Amino acid sequence: MGKRILAILVEDRPGVLTRVSGLFSRRGYNIQNIAVGRTMEPGVSRMTVTVEADPITVEQIVKQLNKQINVLKISDLTDEPSVARELLLVKVKADPVKRSDIQQMVNTFRARIIDVSPDSMIVEVTGDDEKLKAFLLMMQEFGIKEIASTGKVALYRGNKLTRETRC
Amino acid sequence: MKLTGAEMVLSCLEAEKVDVVFGFPGGSVLTLYDEIYKKGLRHILSRHEQGAIHAADGYARASGKPGVVIATSGPGATNLVTGIATAYMDSIPLVVITGQVARPFIGTDAFQEADITGITLPITKHNYLVKEIEELPGIFKEAFFIASTGRQGPVLIDLPKDLQVEEGEFRYPHQIEIYGYRPTYEGHAGQISKALALIKKARKPLIYAGGGVITSGAHQELMELSQTGTIPVTTTLTGMGSIPYDYELFLGMPGMHGTYAANHAINESDLLITIGARFDDRVTGKIEHFAPHARIIHIDIDPAEIGKNIVADIPIVGDVRMVLKEILKRFKSGETEDWCKKIQEWKAAHPLRYKQTEPGCLKPQFVIEELDRLSDGDAIVTTDVGQHQMWTAQYFRFKQPRTLITSGGLGTMGYGFPAAIGAQVAFPGQLVICIAGDGSFQMNSQELATAVHYQIPVKVAIINNKYLGMVRQWQKMFYGGRYSQTSMDGSPDFVRLAEAYGAKGYRATTVEEVGPVIEKAFNTPGPVLMDFHVDPEENVLPMVAPNTSIVEMIGGDE
Ligand SMILES: Cc1ncc(C[n+]2csc(CCOP(=O)(O)OP(=O)(O)O)c2C)c(N)n1
Ligand SMILES: [Mg+2]
């Protein structure tokens with residue numbers, strides 16, 4: 001079992017998110033995270049879904065997704081050169097004495113402090129799984145109050161595209 | 001041309017050459033029904049929406065054309081759910097039209113509001129909620145196209161009430177292109193060559209054919225493949241009729257209640273040529289033990305079926321008829337003499353059989369045999385679900401495709417009778433027999449009113465064993481004979497029930513009475529119900545216990 005990242009281009013229609021996520025749950029596939037956003041083409045959205053599944057299951061997932069009328073294209077980015085990033089907001093306890101330590105950690109991870117209040121700060125960080133995990137580990141030392149994350153988005157490296165233009 | 005939404009629906013149906021619809025009216029489809037009234041579209045009014053949709057399904061299975069059903073919002077729509085799922089599981093083309101509350105009320109828990117597109121998401125091939133009048137013609141065009149192409153299936157269109165009165169410009173598209181929907185029809189040439197090489201080399205090939213053969217109309221090509229290569233054939237429940245029963249290389253049905261020859265052939269085969277079938281667990285038994293010596297060719301129109309339950313050596317995605325035609329172009333003969341000899345020995349030594357226990361005791365299998373004999377196998381047969389369904393598949397000698405109409409995938413009790421009504425609507429002059437269970441029949445017996453009102457001359461044969469027989473059989477075999485809630489005590493007198501509706505009813509309780517009752521029923525115009533009181537404790541044999549190998553067969557072989 002490994003993590004797979006699927007980029008799914010869908011028609012931007014009401015219910016399409018339910019169609020895709022419903023398919024995952026009813027066939028017993030586990031979505032780890034999901035991010036939905038726009039593309040360059042009007043009317044087409046891009047869903048990035050991270051699933052934990054063996055290759056045979058992933059093949060089946062892709063085939064089932066392809067049967068959805070509103071699904072236009074699916075690419076499995078896992079085994080191809082690609083980049084994947086997630087954005088994470090962390091609200092961390094920030095006693096005045098700890099602030100400079102936090103600031104240092106933030107610099108190391110190329111994160112950003114985007115909000116400061118008397119006893120907490122919000123830090124924004126983007127990266128791949130490993131970086132975010134490491135960052136959270138460091139922040140735990142200060143005390144994490146809450147986190148919010150976007151889910152992963154991904155693109156092929158180089159010239160390869162998930163989809164040319166609309167046929 | 002400016003039309004109202006309701007007028008548009010009628011124009012769309014006309015453009016799709018729909019000459020009959022099944023349905024049941026209500027508040028949110030009043031305008032649509034008014035239009036049906038004005039245009040005089042033929043409409044069969046059922047007594048329950050489930051009756052209407054099973055009838056549309058029976059119509060589709062018998063004719064090959066998409067069935068159309070209409071229901072109102074809320075309870076009307078939810079009453080369709082079982083029928084939609086039934087059609088979905090067996091890949092039957094339906095266009096389901098439901099009323100919806102007016103657009104401003106959607107999402108407010110309005111009177112008779114149900115989110116039917118949400119509810120039916122997992123059981124439709126696709127569905128639509130029409131939000132703008134301009135979309136309506138295109139959606140209908142797409143719905144009929146999607147329902148009846150590729151792997152067929154039900155498509156639902158939810159039509160808000162206010163949209164039915166709104167006016168819009170009507171132009172029915174002649175052609176459509178749906179970007180996310182492009183079924184593959186032509187098989188990959190390289191794969192076909194590989195398959196051909198395997199078929200030529202095989203010494204113990206076996207064809208395992210399913211419902212896809214019937215949908216694609218590939219029965220002739222199937223026969224040709226079998227004859228050219230002298231390759232034995234087994235067909236699944238939904239594939240029944242694609243090969244005539246009496247054909248010498250036909251082995252009957254495989255699987256849980258399959259024949260000895262079919263199951264053993266699968267077990268020993270060196271090449272399983274799978275055509276429009278999907279390795280259902282009722283066919284494969286314990287999948288790890290299925291076809292242990294065989295390479296597998298899997299031809300199917302749905303890529304998602306390939307590799308779903310079993311890994312195929314040669315997958316071919318495409319329309320099975322087109323693929324078979326390609327294979328046949330380059331296939332001249334096979335070398336299967338020894339194999340066929342062995343198969344004929346199995347057939348001869350282990351035919352399907354049942355024991356006439358005490359004299360006079362009426363066996364259900366005998367009733368099926370008599371129905372077959374007296375109709376000369378020249379009938380459209382529908383069934384409900386249970387023992388009688390399996391006996392029908394085992395003992396009725398189907399000769400033609402589209403003559404067995406049965407709920408295979410979902411196994412829906414109550415399907416048979418309304419489906420028979422639909423099949424009869426498609427073929428008014430044909431003999432249509434519904435072989436029903438006493439339990440199942442009561443799930444849609446209200447449709448007697450429909451049959452009588454329209455004088456739809458369906459002949460219903462209830463295999464009355466006074467039990468939910470198939471469940472009783474499992475209780476007998478696997479639950480220590482504890483018959484928990486499977487007695488049908490309290491059922492009505494079916495003959496008098498039929499008479500109460502104005503149909504004819506006849507009963508047979510002995511072997512001698514069976515033939516005359518059937519003949520009388522076949523010769524009586526209009527709907528007729530036959531009530532056969534059969535041995536209540538008879539079991540369907542042979543049987544493979546669930547999740548065991550299909551050659552571990554219980555019974556049927558004494
Ligand atoms: C709607 C529905 N409910 C329950 C079942 C489970 N079930 C399968 S066969 C069967 C018994 C059917 O009894 P009957 O119609 O009398 O047929 P028999 O097996 O006796 O021939 C039942 C309850 C089902 N298939 N469908
Ligand atoms: Mg019964």
Could you work out how much longer the chain between A:E41 and A:L89 gets when fully extended? Use 0.36 nm per residue separation minus the Cα distance between them, nm to one decimal. 14.4 nm
Packing-ranked peptide list from B:47-55, B:14-22, highest mean Cβ count within 10 angstrom first, is B:47-55, B:14-22
Mean separation of Cα contacts under 8 Å (6+ apart) over length of segment A:83-153, as relative contact order %: 51 percent
Within the protein assembly as shown, what whole-number % of the accessible surface is contributed by carbon and sulfur, with the 1.4 Å probe and all protein chains included in the calculation? 52 percent
Considering the protein assembly as shown, what Rg and Dmax in Å follow from its alpha-carbon atoms? 29.3, 101
Note: B:115-122 gets an average of partner chain Cβ contacts (10 Å, Cβ to Cβ) equal to 3
For the pair A and B, the solvent-accessible area buried on both sides (1.4 Å probe; DNA, RNA and ligands excluded), in Å² to the nearest hundred, is 1600 Å²
Give the peptides A:146-159, B:62-75 in descending order of average Cβ contacts within 10 Å, highest first. B:62-75, A:146-159
If the cut-off is a Cα-Cα distance under 21 Å, which lysines reach B:K161, setting aside same-chain residues fewer than 8 apart in sequence? B:K2, B:K38, B:K39, B:K131, B:K141
Could you work out the mean count of beta carbons from other protein chains within 10 Å of each residue's beta carbon in B:168-181? 2
When the C-alpha atoms of segment A:83-153 are aligned to their principal axes, what extent does each axis show, in angstrom, from largest down? 37, 19, 17
Placing +1 at every Lys and Arg Cβ and -1 at every Asp and Glu Cβ, with all other atoms neutral, what dipole size does chain B have around its Cα centre, in debye to the nearest 20? 980 debye
Taking the solvent-accessible surface of protein heavy atoms with a 1.4 Å probe, what is the per residue accessible area of segment A:2-82 in Å²? 46 Å²
Nearest 5 is fine: what % of DSSP beta bridges in chain B come out antiparallel, could you say? 10 percent
Which percent of the Cα-Cα distances in segment A:2-82 go past 21 Å? 20 percent
Which log10 I(q)/I(0) values, to two decimals, does segment B:125-186 give at q = 0.20, 0.22, 0.26, 0.30 Å⁻¹ under the Debye formula with one point per Cα? -0.81, -0.94, -1.18, -1.37
Pick from A:A53, A:A84, A:A134: which residue has the top mean-square fluctuation in a GNM of chain A where Cα pairs under 10 Å get a spring? A:A134
Chain B: relative contact order from alpha carbon pairs under 8 Å, six or more residues apart, as a whole percent, is 15 percent
Measuring from the lowest to the highest alpha carbon on each principal axis, how far does segment B:390-509 reach, largest first, in angstroms? 48, 35, 26
Just how far, in whole angstrom, is segment B:165-205 from segment B:395-445 if you go by their alpha carbon centroids? 29 Å
Which log10 I(q)/I(0) values, to two decimals, does chain B give at q = 0.06, 0.11 Å⁻¹ under the Debye formula with one point per Cα? -0.30, -1.00
Which entries of A:K91/A:K152; A:K73/A:K152; A:K67/B:K329 have Cα-Cα distances beyond 22 Å here? A:K67/B:K329
Anything losing 20 Å² or more of accessible area from the isolated chain to the full protein assembly: pick those residues out of segment A:28-60, probe 1.4 Å, ligands and DNA/RNA ignored. A:I56, A:Q60
Would you give the gap between the C-alpha center of segment B:73-149 and the C-alpha center of segment A:10-61, rounded to a whole Å? 22 Å
Restricting to lysines and to Cα separations under 27 Å from B:K363, and discarding same-chain partners fewer than 8 apart, the set is B:K347, B:K355, B:K399, B:K459, B:K466, B:K476, B:K504, B:K520
Per residue of A:67-80, how many C-beta atoms from partner chains lie within 10 Å of its own C-beta, taken as a mean? 3
Per the helix-only model, chain B has a calculated mean residue ellipticity at 222 nm (DSSP H runs of ≥4, -39500 (n - 2.57) each, divided over all residues, rounded to the nearest 500) of -10500 deg cm²/dmol
Report, in deg cm²/dmol and to the nearest 500, the calculated mean residue ellipticity at 222 nm for chain A, where each DSSP H run with n ≥ 4 adds -39500 (n - 2.57) and the sum is divided by the residue count. -8500 deg cm²/dmol
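The values are calculated or read from the model by the stated rules, or taken from the named source; none is laboratory data. Here the structure is a predicted model, which is why all the values come from computation and not from measurement. Quick reminder, even Gly has a Cβ in these numbers, built from the backbone with ideal geometry, and neighbours come from all protein chains shown. In case anyone asks, the SASA skips ligands and DNA or RNA and just uses the protein heavy atoms, side chains included. Shrake-Rupley method; radii C 1.70, N 1.55, O 1.52, S 1.80 Å.
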